[in-house]
Amino acid sequence: MSLDARNITQGGQVIKYMIGMFMQITNIVVYWSVLPALAGFFIYLFSAVKFIYIKHGITYWLLVLKSHLVKTNSDQLYHFNWTTAQGNVVEFTRTGNQILHDKYFIQCGDLLKEHAFYGWGVSLAIFFSIVIGVFWYLGRKGRLQRKDELIGGRFLAPNVDYVNKLLKKMGQLSTLKIGKLHLVKNSEIQNIALHGTVGTGKSTAINGLLEQARKDNQRGIIYDRGNNFIPIFYREGIDVILNPIDDRCPNWDLWEECEDKVDLENFAEALFSEGQGHGDPFWVLSARMLFVSTAEAMRNDPDRSIRLLLNHLLSISLADLHEVLRGSDAANLVDGSIEKTAITIRTVLATYAKSLRLCQGLDKPDKEKFSIRKWLNNSSDNAWIFLSSDGRVHESIKPLITAWLNVSMQNVLALESNLSRRVWTLLDELPSLNNLPKILEYLSEARKFGGVSLVGIQNFPQLQTIYGKDKAQAIWDLLNTKAFFRAPSGEVARWVQSELGEVRQRKFKDQYSYGVDTIRDGVNFSKDEQDENIISYSDIQKLNDLECYVSLKGDLPIVRVELIRKDYKKVAEGKIERNLLAVFDPELEELINHAGLSHQFDVLAQKAVKNAANSNSSGSEIEENPKPKEKFEDEESKKEEKNHVFKKEEHENGKVENNLKYKYQVNKEMEL
């Protein structure tokens, strides 16, 4: 309750003005409604009763009224005449008392009374019909005038059924659905994105889409981090689990997968991802070149295997490796004259290629060799491939899964063009992978080959961390159908708000004026063009679990969708670990672990030197534990002696290293 005088005055003036205006409109409407109502009454009466009966009936009722109002003994004479149907004129005279008791006049009075009652009903129906009709029309016009007028952009649909009816009317209703919302027909090949924080319902939406794809016998390449989809969709003997930790993993063969050196280069590009480090790319590129050349040199070796490949790369002497690579592009990288550079390259290679060691033991004689390339070319096969991992082993096999996904994309793009084919590629938690070199090309071109990409991320900044600002934005721009779940962060929620777009409309405004004199009372209406966000960022922050805003492809409104979590029957184990200790080569493991530690120490040493240089340059370094002068001078003399030897060696190696860098850059430019 507000007893503030200002509020009372303002409320009273506005209500008074509104009531006055309403009564003014009501008077006008009632006045013009009464006229047709009366007209309807008389039209009905004269059409139902002859005029002579009406005349005599009126006379009868007037005399009845007079007898009740005026008490007199005199009786007036009344003269009547009318022409019959035969043309005869009838004349007679009656007194008032005679008329009141005459059967003819009594019947005329009853007839008039009966039809007057019906006529009154007709007139009331006409009156209220006109009044209600006019009020409805005026109310509708007022509502339309007060309604914001859409002149551009999108808008928020009232419900899911509204959008489904639009799609059906347009003939674009797809069988695929997110919750109860149908997608645009064939829009799945233009890619789907799910964005939202943890536990908001992305997996529920993914399960629904995969279930529909399975019913339609469509193929799938499923990245399953956390082993969430294998228990629901895996079919023993039909589907494939590509996970070297899992006992069900087939005998994947590197050389079956990569038919030539070009395929090996594409595989190595994803395996040796430059996004993992921020140092000189020369080392990663050199390690990649060494891997490709060594694998290509082993192509015709009948005893080729992942173990033998890693042994060549990491274990054998530089001289033996140089002999294996003689005549290849990478031979100079392991030349004995640049031993320090070669050792560094092999150290980097061990750090990046260590995920391949998990493939040891897959090449059993009783297992048929498997490759993603052959699997995709089997057009009659509706199997799915699950590339799985979990939190314990994910970092170890992440480079390998990234390379496998990159190979999958490459081979989908090599299929014959077919718009009716569907090959689903699920990339849930995409930022948990390394940089996928083929992803932009795949998202933009896979639709011609039936490729369907379903991408799930928790927030857009994660994608920017892996791919950089521009490439992440390019990836997101290629995803045409988007579902946005809750985003708790204000910054991310504002980004989602901008992604959902704006509505351009003429915004209705009304302004009241009032004063002591009624002449000042009035109201002004106007419509101003404004751009507004369709959804407020706070509405995105307060979404409940299993709720999302969906942006469909094309000229369709944004709609809020509520999902229903479904319990699926478990049909398989998420993982069945194989005994890796029984297949690992101990010497190879020791080399990889030593190389990994060396690489980590190198990185830490570089950071320490950089920090020391920064602190020296700023003049803020404080020596907490100064050494004795004699000991300090003795150590300095030893350091100078060592530095003299190291600088000479680094000078010699630096020349060769720079030459290698220059040669690599020239080769790269020639390839481009």
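The values are calculated or read from the model by the stated rules, or taken from the named source; none is laboratory data. Computed from a predicted model, the values in this text were never measured in an experiment. All Cβ positions, glycine included, derive from the backbone under ideal geometry; neighbour counts span all protein chains shown. Surface accessibility is based on the protein's heavy atoms, side chains included, excluding ligands, DNA and RNA. Shrake-Rupley method; radii C 1.70, N 1.55, O 1.52, S 1.80 Å.
Multiplying the residue separation of Thr83 and Phe42 by 0.36 nm and subtracting their alpha-carbon distance yields 12.5 nm.
Expressed as a whole percent, the accessible surface of segment 334-376 that belongs to carbon and sulfur atoms is 50, based on a 1.4 Å probe. Using the 1.4 Å probe convention, the accessible area of segment 189-284 works out to 33 Å² per residue with neighbouring protein chains retained. Accessible surface area normalised per residue over segment 16-167 is 70 Å², counting heavy atoms of protein chains with a 1.4 Å rolling probe. Computed with a 1.4 Å probe on the full set of protein chains, the accessible area for Asp363 sits at about 80 Å². The loop-placed GluC sites (Glu not before Pro) in segment 388-464, going by DSSP, that have at most 15 neighbouring Cβ atoms within 10 Å of their Cβ come out as Glu416.
Considering segment 331-451 at the alpha-carbon level, its Rg and Dmax are found to be 17.9, 58 Å. Our estimate of slack between Leu156 and Asn378, defined as 0.36 nm per intervening residue step minus the Cα-Cα distance, is 75.5 nm. Applying the criteria of a DSSP loop state and at most 13 other Cβ atoms within 10 Å to the GluC sites (Glu not before Pro) of segment 286-389 yields Glu368.
When the residues Met289, Met409, Met18 are ordered by accessible surface, computed with a 1.4 Å probe over the protein chains alone, the sequence from largest down reads Met18, Met289, Met409. Please sort by residue number the trypsin sites (Lys or Arg not before Pro) in segment 1-92 whose DSSP state is loop and whose Cβ has at most 13 other Cβ atoms within 10 Å. Of the trypsin sites (Lys or Arg not before Pro), the ones in loops of segment 1-92 whose Cβ has at most 13 other Cβ atoms within 10 Å are Lys50, Lys71. Residue by residue, segment 117-124 carries 3J(HN,Hα) couplings of 5, 5, x, 5, x, 5, 5, 5 Hz when phi is fed to the Karplus relation 6.51 cos²θ - 1.76 cosθ + 1.60 (θ = phi - 60°); x denotes Gly or Pro. With a 1.4 Å probe and all protein chains left in place, how much of the accessible area of segment 431-472 comes from carbon and sulfur atoms, in whole percent? Its accessible area is 43 percent carbon and sulfur atoms.
Using the Cβ-Cβ distance between Glu532 and Lys185 with R0 = 35 Å, the FRET efficiency computed as 1/(1 + (r/R0)^6) comes to roughly 0.70. Taking the accessible area of segment 1-144, probe 1.4 Å, and keeping the other protein chains in place, the carbon and sulfur fraction comes to 66%. Taking Lys and Arg as +1 and Asp and Glu as -1, the other residues whose beta-carbon sits under 10 Å from that of Leu463 total +2. In this simple spin-label approximation, Asp567 and Glu91 carry label points 7 Å from Cα along the Cα→Cβ vector, and these lie 10.3 nm apart. Per residue, segment 331-463 exposes an accessible area of 34 Å² to a 1.4 Å probe, with every protein chain left in place.
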